Structures are given as C-alpha cells and as structure tokens.
Amino acid sequence: QVQLVESGGGLVQAGGSLRLSCGASGRTLANYAWFRQAPGKEREFVAAISRMGSTYYADSVKGRFTISRDGAKNTIYLRMNGLKPEDTAVYCCAATYSISSYYYTVTEYDYWGQGTQVTVSS
C-alpha cells in the first residue's frame, strides 16, 4: 500500500509563488503526477515526472510550474510561479507503477493523495 500526503497549499496573491510537496510512504513508486480540480470542474492534469526524470506539463502551466523529486526523501514537489486566479483548485498528488503516453489521464494512476487547497486572489 502507498500513502501520499500533500502539503504547502494556501492563499496567495496573483503573481505570487507556492511550493507544494507530496510525501510518499509505503511501497515506493517511480512515476508521479499532480492534478488539480476546481469547483464544478473535472480533475485536470498539471504535471508529471517519470522514473527516469522525464517531465510533462499541461499547456496552461508550462513555463510557470516545475515538478521535481527528491528520491532520498520520497517527496515530489510542484513549484508554482506566476500564479493566476484560474490556478485556484485542490491540488492532488498521484502515483503509478508504470507510466505510458497517457500520463495526463486520471486512470493512469493507482494511488492518490487527499489534496491541498491553493487559492489565488486577484
């Protein structure tokens, strides 16, 4: 079993920055992602990082967000710069044993955290 626990969310003004963390315990997986869900909207892909360190981003966050990992700490990070009000959502960490070209889909992932709220004020 794998447990994922997110932290680092909060309230920030537009243009500000936050860094989210996702701590993984239990069995260590190799591939992780961040998704987000705003009220009344479907969960959407934000970023992913593979076992080999390849990174993938949604067009809406490319150039502003950076996903990274610290293997020694079993922690995944999402650095978010230039935040916009439309980035407001609950951000969830996800993990999977193997990643494919469908890395951007919810069904690709086996484990999910509870999420952390990010609110960007205008």
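The values are calculated or read from the model by the stated rules, or taken from the named source; none is laboratory data. These numbers were taken from a predicted model, which means no experiment stands behind them. Cβ atoms come from the backbone with ideal geometry, glycine included; neighbour counts cover every protein chain shown. Heads up: the accessible areas ignore ligands, DNA and RNA and are worked out on the full protein's heavy atoms, side chains in. Shrake-Rupley method; radii C 1.70, N 1.55, O 1.52, S 1.80 Å.
Restricting Arg19, Arg43, Arg27, Arg79 to those that are at pLDDT below 95 and open to solvent by 50 Å² or more (accessible area, probe 1.4 Å) reduces the list to Arg27.
Residue by residue, here is whether (1) under 28 Å from Ser121 (Cβ atoms); (2) among the aliphatic types (A, V, I, L, M) holds:
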| position | (1), (2) |
| --- | --- |
| Leu18 | yes, yes |
| Gly26 | no, no |
| Met80 | yes, yes |
| Ala95 | no, yes |
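Across segment 30-40, which residue is farthest from Tyr97 (Cα to Cα) among those that are among the hydrophobic types (A, V, I, L, M, F, W, C) and open to solvent by less than 20 Å² (accessible area, probe 1.4 Å)? For segment 30-40, the residue satisfying everything is Phe35. Looking at Tyr57, is it within 18 Å of Tyr111 (Cα to Cα) and surrounded by 14 or more Cβ atoms within 10 Å (Cβ to Cβ)? The answer is no for Tyr57. Among residues of segment 97-114 that are farther than 17 Å from Ala58 by Cβ and open to solvent by 60 Å² or more (accessible area, probe 1.4 Å), those with a Cβ under 6 angstrom from a residue that is modelled with pLDDT under 90 and part of a loop (DSSP other than H, G, I, E, B), sequence gap 6+ or separate chain, pair up as Tyr97/Leu29.
Among the numbered conditions (1) open to solvent by 20 Å² or more (accessible area, probe 1.4 Å); (2) outside any strand (DSSP E or B); (3) not basic (Lys, Arg), the only one that Val5 does not meet is (2).
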